[in-house]
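Down below is the structure, laid out as structure tokens.
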Amino acid sequence: MTSQANGNGGFACEPAPSSETSIPCPCCGGMLTPAMVREIVRAAREAEAEPKGEGAAPSARLAAGAMVIDPHAHMISRTTDDYEAMARAGVVAVIEPAFWLGQPRTSAGTYLDYLSLIAGFERFRAGQFGIRHYCTIGLNPKEANNEELAEAVMEILPRFAVKEGVVAVGELGYDEQTALEDRYLRAQIELAKDYELPIMVHTPHRDKKRGTLRTMDVLAEHGFDPGRCVIDHNNEETVEDVLERGYWVAFSIYPETKMGNERMTEIVRRYGPERLIVDSACDWGVSDPLAVPKTARLMAERGIDPEAIRAVTYANALSAYGLNGEMREEHWLDPAPIDQRTLYQGNSVLRGGQTPVIRTPGRPADLRIT
Ligand SMILES: [Zn+2]
Ligand SMILES: [Zn+2]
């Protein structure tokens, strides 16, 4: 076939030679030649002709137009192309966790503006592309080590805890596991309790296992209900402990790294879908905003049960982050119309002369891949 089978047994839309006519792929925006389109149509017909149910080809068993949620996406670092590609791939909602910016903030003022951005303009921007946007608020572990900044941020957090679209306190946890990180982790667990918010935990990239166990111990010391807490960035080393203690267990799928979608598929096969959540953690680094739909598709190809795929790429995230009532399925099942003429504090997502998109987002199942 003309499109290349990639290492996942999937399909990669290769750039077409400039001499050939080509059209953009609706899933990834890569260019498709007429020959590639013919191949896709042929494969689709074949799948249709195959028996359904027992013995059906796995890819044929994944519901067309399946919806996914990416519950960990730092969208302020992503482009409008990313939003468009995510919407086409079936992403109906994203959660933007408060985190650091790649370099330390120098004052609480920039923190305040950041929190207003993820709870305000970014929410608006996502909506302009048909994606519902929520966020978590919190002082991240790295910046907890700047005591003066940390104290000032703790002062401003309560006013954001009650804002529309805020679904949890996070990302909390440890980075280097210092005394200051410990102090502000505990203070923010109490904040989450006071405002009846769930918690999103970022487990450290170094010394992950010890950091993860320690975070869960601290949560337990504060009597925080594990059923209201998502522990993120897990791997095979941490999954069992986190599941055993009753937490939601999230996995960030980074391209070409330790926790890729191949391994995620094996984890779901081994542990089942209960309380497992897949996310992309896409940010300003090398990451993939389509990691969740791509993982869903790979799981389907590998014969994972469609209900299990739905649980780990959609339903579990909705259950965990829907706990305080801010995130509700009706937001995307019965969405507000997209109207790119809308302004946010006088600003638009359009630039000089661009034609605004005005339509009902709904669910363009014909465009969705999983
Ligand atoms: Zn994180
Ligand atoms: Zn993050």
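Derived scalar couplings between HN and Hα for region 320-330 equal 6, 8, x, 4, 8, x, 7, 9, 9, 4, 4 Hz in order, rounded to whole Hz, by the Karplus curve 6.51 cos²θ - 1.76 cosθ + 1.60 (θ = phi - 60°), x for Gly and Pro.
How long are the semi-axes of the equivalent ellipsoid of region 70-331, taking √(5λ) for every eigenvalue λ of the Cα gyration tensor, in whole Å from largest down?
26, 22, 17
Debye-formula intensities of region 235-322, expressed as log10 I(q)/I(0) at q = 0.16, 0.18 Å⁻¹, are -0.57, -0.72 (one equal scatterer per alpha-carbon, no solvent).
If you take every residue apart from Pro141 with its C-beta less than 15 Å away from the C-beta of Pro141, what net charge results, scoring Lys and Arg +1 and Asp and Glu -1?
Here the charged neighbours net out to -1.
Over region 70-331, Cα pairs under 8 Å with separation of 6+ residues give a relative contact order of 19 percent.
Excluding Phe121 itself, what net charge comes from residues whose Cβ is under 12 Å from its Cβ, given Lys and Arg +1 and Asp and Glu -1? Counting the neighbours of Phe121, the net charge comes to -1.
For region 213-232 and region 126-196, what is the separation of their Cα centres, given in Å? So the separation of the two Cα centres works out to 15 Å. Note on region 199-255: Cα-Cα pairs beyond 13 Å make up 54% of the total pair count.
Of the chymotrypsin sites (Phe, Trp or Tyr not before Pro) found in region 247-330, those that fall in a DSSP loop while having at most 16 other beta-carbon atoms within 10 Å are Trp284.
For region 347-360, 3J(HN,Hα) computed residue by residue from phi via the Karplus equation (6.51, -1.76, 1.60; θ = phi - 60°) reads 10, 10, 7, 8, 10, x, x, 6, 7, x, 8, 10, 6, 7 Hz, glycine and proline entered as x. Legend: distances between Cα atoms for Lys142/Lys193; Lys193/Lys294; Lys209/Lys294; pairs beyond 32 Å are Lys193/Lys294.
For Glu262 and Glu39, a Förster radius of 35 Å and the Cβ-Cβ distance give a FRET efficiency of 0.90, rounded to the nearest 0.05.
Read-outs: derived from the displayed coordinates by stated rules, not from any lab. Quick caveat, the model's predicted, so the values are computed rather than measured. Cβ: placed from backbone, ideal geometry, glycine included. Neighbour counts: every protein chain shown.
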